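Asks: Okay, here's the structure, questions in a sec.
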Amino acid sequence: IKILITNNDVSGSINKAIKYKIPYLILKEKNFTSKEHYEREIINKLNENEIELVVLAGWMRIITKQFINEFKNRIINIHPSLLPSFKGKKAIQDALLHKAQFTGCSVHYVEEEVDSGRLIIQAALPITSDDNEDSLIKKVHFLEHQILPHGISQAGFYIRNRFKDKNRNDSALYS
């Protein structure tokens, strides 16, 4: 991990960054003249750090086309539902509201349409009759912590293989 960028100055991720000596940066959109300027600063910091993969975990904001295009096929997100079901911010509440029997979480590539990118990995769990929003959030967050490292690994293999293929000497194919 080269850098943590957060918009939440009380995020628990900051404590982990400090513990593991990971550089971190707190950037708040309100300190910029527009969302585009805000994201441009994030993009600049990611590029300065030669970031290969952007992991949105707890970001809870829709990123712009500019951001997505800058890191095309190199941004992943963790979402608290079994996509394509229950897209958006209220996935857990929606699962309960619709009396779903199962829910879970998904790691996926980020595209312009919210929660629509190609799936990398998912994990499921049953919704029990005694589940409420708080209990289900805890269960889903536990699963998210289990599958996110696997999603990062899979995305990393994909990115590295694409990079390797792009820079491979095609004459080597014929020798």
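Asks: State in Å² the accessible area per residue of the chain; use a 1.4 Å probe, count heavy atoms of protein chains only, and round to the nearest integer. It would help to have the intermediate numbers written out before the result.
Replies: Values: 11190 Å² over 175 residues.
So the chain comes to 64 Å² accessible per residue, rounded to a whole number.
Asks: Please work out how much accessible surface Asp9 shows to a 1.4 Å probe, ignoring ligands, DNA and RNA, in Å² rounded to 10.
Replies: 90
Asks: Select one label from (i) 151; (ii) 128; (iii) 139: the one whose number is volume of the Cα convex hull per residue in Å³ as derived from the coordinates shown.
Replies: (i)
Asks: Related question: Rounded to the nearest 20 debye, what is the charge dipole size of the range 1-73 about its Cα centre when +1 sits on each Lys and Arg Cβ and -1 on each Asp and Glu Cβ?
Replies: Values: 12 positive and 9 negative charges, 47 e Å.
Around 220 debye, computed over the range 1-73.
Asks: Using +1 at the C-beta of Lys and Arg and -1 at the C-beta of Asp and Glu, which of His150, Ile63, Ser81 has the Cα lying farthest in the positive direction of the dipole of the chain?
Replies: His150
Asks: At 1.4 Å probe size, with the rest of the protein present, what percent of the exposed accessible area of the chain is carbon and sulfur atoms? Don't skip to the end; give the middle numbers.
Replies: Details: 5940 of 11190 Å².
That share works out to 53 percent.
Asks: Sorted by average packing, counted as other Cβ atoms within 10 angstrom per residue and highest first, what order do 12-22, 46-56 take? Present the calculation step by step, with values, prior to reporting the outcome.
Replies: Numbers: 12-22: 12.0, 46-56: 15.0.
Peptide ranking by packing, descending: 46-56, 12-22.
Asks: Sticking with this one: If you put +1 on each Lys and Arg Cβ and -1 on each Asp and Glu Cβ, how big is the dipole of the range 1-125 around its Cα centre, in Debye rounded to 20?
Replies: Working: 18 positive and 14 negative charges, 72 e Å.
The dipole of the range 1-125 has a size of about 340 debye.
Asks: I'd like to compare 79-85, 64-70, 95-101, 147-153: which one has the highest average count of other Cβ atoms within 10 Å, and what's the full order after that?
Replies: Values: 79-85: 19.3, 64-70: 15.0, 95-101: 13.1, 147-153: 16.7.
My ranking of the peptides, most packed first, is 79-85, 147-153, 64-70, 95-101.
Asks: What accessible surface, in Å², does a 1.4 Å probe find on Lys87, ignoring ligands, DNA and RNA and rounding to the nearest 10?
Replies: Roughly 80 Å² of Lys87 is accessible to a 1.4 Å probe.
Asks: Another one. Once a ≥ b ≥ c are taken as the square roots of the eigenvalues of the Cα gyration tensor of the range 13-72, is the result rounded (a/c under 1.5), prolate (a/b larger than b/c) or oblate (a/b not larger than b/c)? Don't skip to the end; give the middle numbers.
Replies: Numbers: a/c = 1.76, a/b = 1.39, b/c = 1.27.
Judged from the Cα gyration tensor, the range 13-72 comes out prolate (a/c at least 1.5, a/b above b/c).
Asks: Largest first, how would Arg160, Arg74, Arg61 line up by accessible area (1.4 Å probe)? Don't skip to the end; give the middle numbers.
Replies: On the way: Arg160 135, Arg74 60, Arg61 95 Å².
Largest to smallest exposure gives the sequence Arg160, Arg61, Arg74.
Asks: From the cross-link list Lys90/Lys138; Lys2/Lys35; Lys2/Lys65; Lys30/Lys89, which pairs have alpha carbons spaced over 18 Å apart?
Replies: Values: Lys90/Lys138 15 Å; Lys2/Lys35 24 Å; Lys2/Lys65 24 Å; Lys30/Lys89 21 Å.
Over 18 Å apart, Cα to Cα: Lys2/Lys35; Lys2/Lys65; Lys30/Lys89.
Asks: Restricting attention to the range 78-146, which GluC sites (Glu not before Pro) occupy a DSSP loop and are surrounded by at most 14 other Cβ atoms within 10 Å? Write down the numbers at each step before the final one.
Replies: Values: sites: Glu111, Glu112, Glu113, Glu133, Glu144; in loops: Glu111, Glu112, Glu113.
Those satisfying the criteria are Glu112, Glu113.
Asks: Leaving ligands and nucleic acids out of the surface, order Lys28, Lys90 by accessible area at 1.4 Å, largest first. Working shown, then result.
Replies: Working: Lys28 55, Lys90 130 Å².
Result, largest first: Lys90, Lys28.
Asks: Within the P(r) computed for the range 3-48, what percentage of the Cα pairs occupies the region above 12 Å? Provide the component values of the computation, followed by the final result.
Replies: Working: 630 of 1035 pairs.
Distances greater than 12 Å cover 61 percent of the Cα pairs.
The values are calculated or read from the model by the stated rules, or taken from the named source; none is laboratory data. As the structure is a prediction and not an experimental result, all values here were calculated from the model. Glycine also receives a Cβ, built like all others from the backbone with ideal geometry; neighbour counts cover every protein chain displayed. Calculation scope for accessible area: heavy atoms of the full protein, side chains included, ligands and nucleic acids excluded. Shrake-Rupley method; radii C 1.70, N 1.55, O 1.52, S 1.80 Å.
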